[in-house]
DNA sequence: CCAATAGTGTCTGTTAGACAATATACA
DNA sequence: TGTATATTGTCTAACAGACACTATTGG
């Protein structure tokens, strides 16, 4: 069957869609492609990623984490395998396949990423709908789109938005994050009941003060695993 | 950054977890590894799959479909990307990564697969819990487990079980399929209401006769896309 | 009539959606 | 007190879970 090792091997990369959010918008971290004659898509913006280092990377996830760390200095954000894309045309150098991951980064990690002295020019781009304004290298636009769609669809039935929050936050801030991701307002009471009756958050003995009634601060009970709700929250009907 | 093309390229394969079901159990199609000196895991059972043919395969999914067709003769079953597995140890020949897919095959396609004169010994194995009795080649046991878990978790909130049914079936048979996959009985009324109020099925003008009241036969409205329910069906509570 | 399976009626419990009402800060 | 935001109360609708009941076939 497989007169195996003689098959030409596809180029293999790992790319990471690193997402974070301001109070207004979802953002993605992109890096600029090198400007060299032998590099495809020179100077264009692209997802952080690149070839697997078979000497350093024990497995695919380790490779994704390495790239994440190199670009942002962040060790352990929420990380999920997104899918893989491979075909004959996506890379002008030949048949190539990429293993894509997506990472969510809270406010503290986001600032750390901003301070990180990367070897490559890197910048946060606002995500509108499911794309950035720039045309990206390779099929990275498509991969970004898949990541954003995955995140958006999971917002309705998981606690993923929690991984985009700072370490302490109010319920209103948490609701606002959901609304930014969904692009739609949510019903306050339904949101609060849902969140508070789940085992997602715990109170911290502090309030956020302002020119109004202070708001209870909460933090995540489990910084690693998302929780799954068994009914979606959608705000108004989708029809 | 990437002094790229000089990196050693991992071995790259595509594997397919082909699932079908009898009225009693979920089953998976496995093939026997060749018995040759230069082949790893000789004579062991493994998932159908193998190297990408960069000349023939336009993309990863085309490669998965090609392997599916080669092993079963089936053209277009339900096919979904499952994930990728890659590390230094899974293949003794070196750093390797596989892109895994999973396919669901209805009764007719299942018989067609049985009749298909494959180039390699192939056989259906009963899946118990989330494994087969045999130890599989490579990390295929782990990949199978992921496929079965994905299928099982989707049973509760999608119409995936429909893709394991024959082209016409009764609601009782459909319910039984759910029960086989979940390993738990379901409440008849809740099941029927859920299915019938969705847009999943349409009646065919025929009944299934037996030594009892004849049952209405139904068929899938859309043979390609699953539908998503917005509440899970679980039978008894999960606690 | 009996056995067996198909199919329905109806009540309860949970939780999202809508929206009004109340609470607590600062200025 | 007024303004702003936090927090709660309450009613409704949708739908799963439980379980009893009726329907329709062959033997």
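Quick notes on this structure:
- In this entry, residue A:152 is excluded by the filter for residues that are closer than 12 Å to residue A:28 by Cα and without any contact (Cβ under 8 Å) to a residue 40 or more places away in the chain.
- Condition broken by residue A:138, with the remaining ones in (1) on the phi > 0 side of the Ramachandran plot; (2) more than 16 Å from DNA strand C (Cβ to nearest atom); (3) away from chain B (no Cβ under 14 Å) satisfied: (3)
- Whichever residue in the range A:189-221 is more than 12 Å from DNA strand D (Cβ to nearest atom) and part of a loop (DSSP other than H, G, I, E, B) and, among such residues, is modelled with the lowest pLDDT: A:199
- Candidate set from the range A:222-232 (those that are modelled with pLDDT under 95 and within 21 Å of residue A:106 (Cβ to Cβ)); member that is farthest from DNA strand D (Cβ to nearest atom): A:224
- The residues of the range B:59-86 that are facing chain A (nearest Cβ under 9 Å), surrounded by fewer than 20 Cβ atoms within 10 Å (Cβ to Cβ) and not in a helix (DSSP H, G or I), listed by number, are B:59, B:81, B:83.
- Residues of the range B:122-135 satisfying the condition of being in contact (Cβ under 8 Å) with a residue 60 or more places away in the chain and assigned to a strand (DSSP E or B): B:122, B:123, B:124, B:125, B:126, B:128
- Top-ranked residue of the range B:89-98 - restricted to ones that are buried (at least 16 other Cβ atoms within 10 Å of the Cβ) and at the interface with chain A (Cβ under 7 Å from one of its Cβ atoms), ranked as farthest from residue B:14 (Cα to Cα): B:95
- Verdict on residue A:173 being farther than 25 Å from residue A:19 by Cβ and modelled with pLDDT of 95 or more: no
- Residue in the range A:37-51 that is away from chain B (no Cβ under 12 Å), assigned to a helix (DSSP H, G or I) and free of Cβ contacts under 8 Å to residues at least 60 places away in the same chain present: no
- When we screen B:219, B:231 for residues that are out of contact with any strand residue (DSSP E or B) (no Cβ under 6 Å at 6 or more places or on another chain) and within 16 Å of DNA strand C (Cβ to nearest atom), the only hit is B:231.
- Within the range A:199-216, restricting attention to residues that are within 13 Å of DNA strand C (Cβ to nearest atom) and without any contact (Cβ under 8 Å) to a residue 12 or more places away in the chain, the residue that is surrounded by the fewest Cβ atoms within 10 Å (Cβ to Cβ) is A:211.
- When A:167, A:172, A:159 are checked against the criterion of being within 14 Å of DNA strand C (Cβ to nearest atom), more than 14 Å from chain B (Cβ to nearest Cβ), in contact with a strand residue (DSSP E or B) (Cβ under 7 Å, 6 or more places away or on another chain) and in contact (Cβ under 8 Å) with a residue 40 or more places away in the chain, a single residue qualifies: A:172.
- Here the condition is being near DNA strand C (Cβ under 7 Å from one of its atoms), outside any strand (DSSP E or B) and either in contact with a helix residue (DSSP H, G or I) (Cβ under 8 Å, 6 or more places away or on another chain) or within 14 Å of another protein chain (Cβ to nearest Cβ) (or both); of A:181, A:186, it holds for A:186 alone.
- Whichever residue in the range A:99-121 is within 12 Å of chain B (Cβ to nearest Cβ) and assigned to a strand (DSSP E or B) and, among such residues, is nearest to the chain's Cα centre (by Cα): A:101
The values are calculated or read from the model by the stated rules, or taken from the named source; none is laboratory data. Small disclaimer: the values here were computed from a predicted structure and weren't measured. Virtual Cβ from ideal backbone geometry, glycine too; neighbours counted across all protein chains shown.
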